[in-house]
1. For the stretch 284-328, give me each residue that is polar (S, T, N, Q) and within 16 Å of the chain's Cα centre (by Cα).
2. Would you point out the residue of the stretch 65-78, among those that are surrounded by fewer than 20 Cβ atoms within 10 Å (Cβ to Cβ) and in contact (Cβ under 8 Å) with a residue 60 or more places away in the chain, that is farthest from Met278 (Cα to Cα)?
3. If I filter the stretch 239-254 down to residues being surrounded by 24 or more Cβ atoms within 10 Å (Cβ to Cβ) and out of contact with any Lys or Arg (no Cβ under 8 Å at 6 or more places or on another chain), which single residue comes out as modelled with the highest pLDDT?
4. Report the residue count in the stretch 112-136 for those that are surrounded by fewer than 19 Cβ atoms within 10 Å (Cβ to Cβ) and in a strand (DSSP E or B).
5. Go through the residues of the stretch 254-271 one by one and say whether even a single one is more than 21 Å from Ala85 (Cβ to Cβ) and among the basic types (Lys, Arg).
6. Could you please find all residues in the stretch 196-238 being more than 24 Å from Ala147 (Cβ to Cβ), crowded, with 20+ Cβ neighbours inside 10 Å and of a type outside the set (Gly, Ala, Ser)?
7. Against the condition closer than 19 Å to Phe306 by Cβ, within 13 Å of the chain's Cα centre (by Cα), buried (at least 20 other Cβ atoms within 10 Å of the Cβ) and not β-branched (Val, Ile, Thr), how does Met44 come out, does it pass?
8. Can you confirm whether Lys265 is in the same structural domain as Leu316 (by TED's automatic domain parsing) and either in contact with a Cys (Cβ under 8 Å, 6 or more places away or on another chain) or at positive phi (or both)?
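The values are calculated or read from the model by the stated rules, or taken from the named source; none is laboratory data. What you see is a predicted model; the values in this text were computed from it and never measured. Note: ideal-geometry Cβ built from the backbone for every residue, glycine included; neighbour counts use all protein chains shown.
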Amino acid sequence: MRKMRWWVSSAVVGILLGPGVVLFTPGDAPAAWQPSKPVEFVIMAGPGGGADIYARYISGLIEKNKLAPVPFVPVNRDGGAGAVAMEYTKGKEGDAHTIMITLSSFIMTPMIQKLPFNYKNYTPIALLALDNFWLWVNTESPWRSVADVVAECKKRDLKVGGTGTKQEDELLFAFFEQKAGCKPIAYVPFKGGGTVAASLVGKHVEATVNNPSEALPHYPDKVIPLATFAEKRHEGTPYKDLPTMKELGYPITYQMIRGIFGPPKMPKEAQEYYVGLMKKVFELKEFQEFLDKNVLAPTFLAGPEFAKWLDGYNDLHKEVMTKAGWLK
């Protein structure tokens, strides 16, 4: 088992688990309990974004490989920077037939909006991967490097797009503005990563920090990446030559959680069933190939290890958002 590795930069503090890390406790033995009706798979973002893509792909794999006796039905419940989905799932307390796929707003939104609940109210099932962020521009943009963007942002206000308000996309641009010495960057919020990518294709914004899975469908004809916010280059992928923001002199590193949770007080036997199911999904060759194609870091955590990891992830976001001036 590899040890958790932490990195600290002057801009963003993040958690990085090495590719392929698997920490697993419950669910090794087949669970006696199984779902008896379709499972609602809540997506806390709009259509076309990373969470939407992954939930629908996972649901398809479960059905294709006959991993469950019932269908898993993806349902987008976007809005409020994830608050709508969180509130809905919280209202399903004790339900064994609802699960939710999350992103970093699962951690950030309760703190920003001072909601009466947070990640601790939900039943942790499994972390499946850590997602990356790239700095993207339109193919017809004159910018071909981060240096080009910095030169322009020192002259005028740039217009950029991202998912939601006071979420990870805006956080990355906030730190980029600080570290690059840019004039104030105009941030335009959208409901999901798919819409963000489309806005860049349509030249409604000048840059985005889309996850690879959200913008790669438009690459290289419509959009191109200039750098990654990962700690290291993506060696072993077609994007191994993409420089990191860190090596370019902007120490901003960040990865997003792609985790599965149940409602508060989900029955233990149901939690164990879903942990075992997600481990089966994670181990599928198709899923690993999907992660590679979309440049995600395969990272499986479940049980107490996942809960402990979440505490650290929460503390680091609290520190980062305080630095950004979003929390008092």
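1. Correct list: Asn294, Thr299, Asn314.
2. Checked the stretch 65-78; the qualifying residue farthest from Met278 (Cα to Cα) is Asn65.
3. Met245
4. 0
5. Checking the stretch 254-271: at least one residue is more than 21 Å from Ala85 (Cβ to Cβ) and among the basic types (Lys, Arg).
6. Listed by number, the list holds a single entry, Glu214.
7. Considered against the rule, which asks whether it is closer than 19 Å to Phe306 by Cβ, within 13 Å of the chain's Cα centre (by Cα), buried (at least 20 other Cβ atoms within 10 Å of the Cβ) and not β-branched (Val, Ile, Thr), Met44 comes out as yes.
8. yes
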